[in-house]
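Q: Submitted below is the structure of interest, expressed as structure tokens.
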Protein chains: 2
Amino acid sequence: MRTVYVNGKYLPENEATVSVFDRGFLFADAVYEVTAVFDGRLVDFHGHMTRLRRSLSELQMELPASDAEILAIHRELVRVNNVTEGIVYTQVSRGSADRDFLFPDVGLTSTVVLFTQHKNLIDNPTGRRGLHVITVPDQRWRRCDIKTVQLLYSSLAKTRAKQQGADDVWMVLDGFVTEGSSNNAYIVNQDGTIVTRELSNDILHGITRHAVVRCARNLQMPLAERPFTVDEARSAREAFSTSATGLVSPVTSIDGVTIGDGKPGPVATRLRDIYLESSRANAI
Amino acid sequence: MRTVYVNGKYLPENEATVSVFDRGFLFADAVYEVTAVFDGRLVDFHGHMTRLRRSLSELQMELPASDAEILAIHRELVRVNNVTEGIVYTQVSRGSADRDFLFPDVGLTSTVVLFTQHKNLIDNPTGRRGLHVITVPDQRWRRCDIKTVQLLYSSLAKTRAKQQGADDVWMVLDGFVTEGSSNNAYIVNQDGTIVTRELSNDILHGITRHAVVRCARNLQMPLAERPFTVDEARSAREAFSTSATGLVSPVTSIDGVTIGDGKPGPVATRLRDIYLESSRANAI
């Protein structure tokens, strides 16, 4: 049985609980991070911690632990659960208080929950064959840069996509793609330029996005950070998405339209290989 | 100590917990209702149950209990907690499963949580003096008709309003008021017409809204269901909001601009009295 961390305790997963008055449960008043584990080591841990603290700060929330303490919990969970490849999930909610829309005046103690999942991230079948995505309106709240647990729309949209035979969705706001259900979206234009939406409140500031954009720039691949339309995406040479768990995932069809020759393209494949190599080398 | 209902058990509030893997906690994959209690009896219970089942249905979620069973839980909680005036809160989440954006294929058992709160709903100071509201952009997800726990934006906005000396917010989408943080919004124009936004995905289909609109029509008060602008609201004769806990609450300033003479107006006051009388008479 998996061991889970809850507020200072390491517990068997079936005893890992939070109060029904936890504001994470009642108000989605909580933020999270997902850190990949390769070879038993953590990928871009400090990037995730920096983003976690930014999310907390945007919501006037505190994390009563240092990065070193959170790192120690990550490592202990990876150890006791024998995670060679997978993820560590971290969620911080504002804490428990009787239900009120107003944030409690007095300092609550945040609820801190961490757990692991074993996953094949590297040798993943969709990484090889490519994802089929469909486009849907982006109906999420307008602060997608804050990584909150308000994930119901993404969850519902991805589930509906699956029910229709696709793997994921790309969301569209005012005619332009924002991002996937839990990943950033990219295309490679016919002129070979990688295009991905610029950072704003409309998308998650992906840790993997940051690393992959840096890889592309280091390799002097042409890259433009700007919005792109669904039509542009459908007529692209390649498409792909990035996330901590999907790494670089080729997208081979959009709304049933085949992208390129319907196989993972060379740009996505190369970026996947380089990102993977660099992440493994730098994991801690 | 309060007694709380969780999945078939009546528990002391400090033992009322849900799994950290509950999708309500991880994905805000949960819906809720708040039913007012007057004189120890439930206001518009069946209206709340109808809306709860609609919210569940929109999210492909099940409630493994009949209305009669949920009613019995409400009554038992009201009894053991000696609630004369207050609320019963009901939350249903999809249940617990290892974290995945996709809804689990196999039928999960929903998590059902109910608890009570003692509140002065009737003799409420803000009901007498009126609310000060400020307007903010409506940045919530675009299915506000589904009563989910994705309440972080409303909670944050109301808290910021309080920090600025106001009581609540009215949210504005494309120049038109949608609703308050947890209430529907109304104005009374200079010609005496009550104006409130029509039902759509942009607002909660308030149970109290339904009752108050019916009261107004029965009294042959002129009423128009259409969007109104912030300017229209600021120059209105009266403004008010409705909700299960706020009943009919006069709004006496918007963005610091005094509405009417700065006191609760006759239309809001009359509707509050009539709504209260009718709710008490029909409570079960």
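The values are calculated or read from the model by the stated rules, or taken from the named source; none is laboratory data. The structure presented is a predicted model; accordingly, all values stated were derived computationally and were not measured. Please note: Cβ atoms are built from the backbone with ideal geometry, for glycine as well, and neighbour counts cover all protein chains shown. Only protein heavy atoms, including side chains, enter the accessible area calculation; ligands, DNA and RNA are left aside. Shrake-Rupley method; radii C 1.70, N 1.55, O 1.52, S 1.80 Å.
Q: Each residue of segment B:123-138 in turn: what ³J(HN,Hα) in whole Hz from Karplus with 6.51, -1.76, 1.60 and θ = phi - 60°, glycine and Pro shown as x?
A: Once rounded to whole Hz, the list reads 9, 9, x, 6, x, 7, 8, x, 9, 9, 10, 10, 8, 9, x, 7.
Q: In addition: Taking each residue of B:99-106 in turn, how many C-beta atoms of other protein chains fall within 10 Å of its C-beta, and what is the average?
A: 5
Q: Estimate the FRET efficiency between residue A:231 and residue B:139 by the formula 1/(1 + (r/R0)^6), using the beta-carbon distance for r and 30 Å for R0, to the nearest 0.05.
A: Calculated transfer efficiency: 0.65.
Q: Using all Cα-Cα distances in segment A:125-282, what percent lands in each 10 angstrom bin from 0 up to the longest?
A: Here the calculated profile for segment A:125-282 is 11, 45, 36, 7.
Q: With every protein chain present, what is the per residue accessible area of segment B:68-130 (1.4 Å probe, Å²)?
A: I get 44 Å² per residue for this part.
Q: If you don't mind, another one. Ordered by packing density, taken as the mean number of other Cβ atoms within 10 Å over each peptide's residues, highest first, how do A:255-263, A:158-166 rank?
A: A:158-166, A:255-263
Q: Need one number: buried accessible surface between chains A and B, 1.4 Å probe, both sides summed, DNA, RNA and ligands left out, in Å² to 100. Numbers along the way, then the final one.
A: Working: alone 13450 and 13460 Å², together 21980 Å².
Separately minus together, A and B give about 4900 Å² buried.
Q: Taking the label point as lying 7 angstrom from Cα along the Cα-to-Cβ axis, what are the distances from residue B:172 to the corresponding position in the remaining copies, in ascending order and in nanometres?
A: With the label placed 7 Å along Cα→Cβ, residue B:172 yields 3.0 nm.
Q: Ignoring ligands, DNA and RNA, what percent of the accessible area of segment A:125-282 is carbon or sulfur (1.4 Å)?
A: Accessible surface attributable to carbon and sulfur in segment A:125-282 totals 49 percent.
Q: Still on this model: Between copies, how far does the label point of residue B:200 sit from its twins, in nm, shortest first, when each point is 7 Å from Cα along Cα→Cβ?
A: Inter-copy label distances (nm, one decimal, shortest first): 2.2.
Q: Calculate what fraction, in whole %, of the accessible area of segment B:1-113 sits on carbon and sulfur atoms when a 1.4 Å probe is rolled over the protein chains. Spell out each step's value before the answer.
A: Values: 2100 of 4320 Å².
Summing carbon and sulfur atoms, their accessible area is 48 percent of the total for segment B:1-113.
Q: Next question, about the same structure. With the label 7 angstrom out along Cα to Cβ, how close does residue A:46 come to the same site in each of the other copies, in nm, nearest first?
A: For residue A:46, the other copies' label points sit at 6.4 nm, shortest first.
Q: Then there is this: Shielding of B:12-20 by partners, i.e. mean partner chain Cβ atoms within 10 Å per residue?
A: Average per residue, whole number: 6.
Q: So how many Å³ per residue does the convex hull of the Cα atoms of the protein assembly as shown work out to? Don't jump to the answer; show the numbers that get you there.
A: Numbers: hull volume 84.1 nm³, N = 568.
Expressed per residue, the convex hull around the Cα atoms of the protein assembly as shown is 148 Å³.
Q: I've got another one for you. State, to one decimal in nm, how far the label point of residue A:98 lies from the label point of residue B:281, with both points 7 Å from Cα in the Cβ direction.
A: Between residue A:98 and residue B:281, the label points sit 3.2 nm apart.
Q: Further question: Is any residue of segment B:84-121 close enough, with backbone N under 11 Å, to a label point placed 7 angstrom from the Cα of residue A:119 along the Cα-Cβ axis, and if so, which?
A: B:99-102
Q: Helix-derived [θ] at 222 nm for the protein assembly as shown: sum -39500 (n - 2.57) over DSSP H runs of at least 4, divide by residue count, nearest 500?
A: -9000 deg cm²/dmol
Q: HN-Hα J couplings of segment A:232-240 from phi, Karplus 6.51/-1.76/1.60, θ = phi - 60°, integer Hz, Gly and Pro as x?
A: In residue order, the calculated couplings are 4, 5, 5, 9, 6, 6, 8, 9, 7 Hz.
Q: Continuing with the same structure: Over all residues in A:135-148, what is the mean tally of Cβ atoms on other chains that come within 10 Å of each residue's Cβ?
A: If you average over the peptide's residues, the count of other-chain Cβ atoms is 3.
Q: Please get the size of the charge dipole for chain B, origin at its Cα centre, with Cβ charges of +1 on Lys and Arg and -1 on Asp and Glu, quoted in debye to the nearest 20. Intermediate values should be presented prior to the final figure.
A: Numbers: 32 positive and 34 negative charges, 91 e Å.
Here the size comes out at about 440 debye.
Q: Over chain A, with a Gaussian network built from C-alpha contacts below 10 Å, which listed residue (A:65, A:224, A:157) shows the highest mean-square fluctuation?
A: A:65
Q: Ignoring ligands, DNA and RNA, what accessible area per residue does segment A:199-270 give at 1.4 Å, in Å²?
A: Per-residue value: 43 Å².
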